[in-house]
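The values are calculated or read from the model by the stated rules, or taken from the named source; none is laboratory data. Just so it is clear, the model here is predicted, and its values are computed rather than measured. Cβ sites come from the backbone with ideal geometry, for glycine too, and all protein chains shown count toward neighbours. Please note that ligands, DNA and RNA were not included when accessible areas were found on the heavy atoms of the full protein model with its side chains. Shrake-Rupley method; radii C 1.70, N 1.55, O 1.52, S 1.80 Å.
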Amino acid sequence: PRRNAATLAVLAAADRVIAVGAADPISLARFLRIYPEALEHITTDRVEVVINRVRRAVAGVGDAHILRTLERFGGIRDAPLVPDDRDALD
């Protein structure tokens, strides 16, 4: 069996999928690379993308840049951006 066979089976059986990626440049690039492959295995049209851990001080870019990157390279529009608020989590 494939290494990710269980993940692909769950995606195929899901009624709704929430795809979560992180906002740092490396994580965002990885997310955009695997997102199209995941869509090949999803049978529902209810897929939502959420980008978390948005830290403007680290990324050096604003929300608009992240949203443009998602749209340009992934065709993803209006993804919610969740800030990395470590104080609130503590």
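Only Cα pairs under 8 Å and at least 6 apart count here; give the relative contact order of region 1-72 as a rounded whole percent. If you can, show how the numbers build up before the last one.
Working: 66 pairs, mean separation 28.2, N = 72.
Once divided by the residue count of region 1-72, the mean separation gives 39 percent.
For Arg16, what charge total do you get from the other residues with a beta carbon under 12 Å from its beta carbon, if Lys and Arg give +1 and Asp and Glu give -1?
On the way: positive: Arg46; negative: Asp15, Asp45, Glu48.
Cβ neighbours under 12 Å give a net charge of -2.
Could you give the C-alpha radius of gyration of region 1-45 expressed as a fraction of 2.2 N^0.38 Å, taking N as the number of residues it contains? Can you show the working numbers first?
Values: Rg = 11.4 Å, N = 45, 2.2 N^0.38 = 9.3 Å.
Cα-based Rg divided by the globular estimate yields 1.22.
Rg to Rh for the chain: what is it, with Cα atoms only and Rh by Kirkwood?
1.01
Grab the beta carbon distance between Phe73 and Glu48, set R0 = 22 Å, and tell me the FRET efficiency rounded to 0.05.
In this case the efficiency is close to 0.80.
Quote to one decimal, in nm, the extra length available between Ala64 and Leu89 on full extension: 0.36 nm per residue of separation minus the C-alpha distance between them.
Contour length minus Cα-Cα distance gives 6.5 nm.
To test your reading of the geometry: what angle, between 0 and 90 degrees and rounded to tens, separates the Cα axis of helix 63-74 from the longest principal axis of the chain?
It works out to around 30 degrees.
Quick one: with all protein chains in place, what share of the accessible area of the chain is carbon or sulfur, to the nearest percent (1.4 Å probe)? List each step's numbers first, then the result.
Details: 3410 of 6510 Å².
Result for the chain: 52 percent of the exposed heavy-atom area is carbon or sulfur.
For Val82, enumerate residues with amide H under 5 Å from its amide H, sequence gap 5+ or separate chain, H modeled in the peptide plane.
Here the answer is Ile51, Asn52, Arg53, Val54, since their amide H atoms fall under 5 Å of that of Val82.
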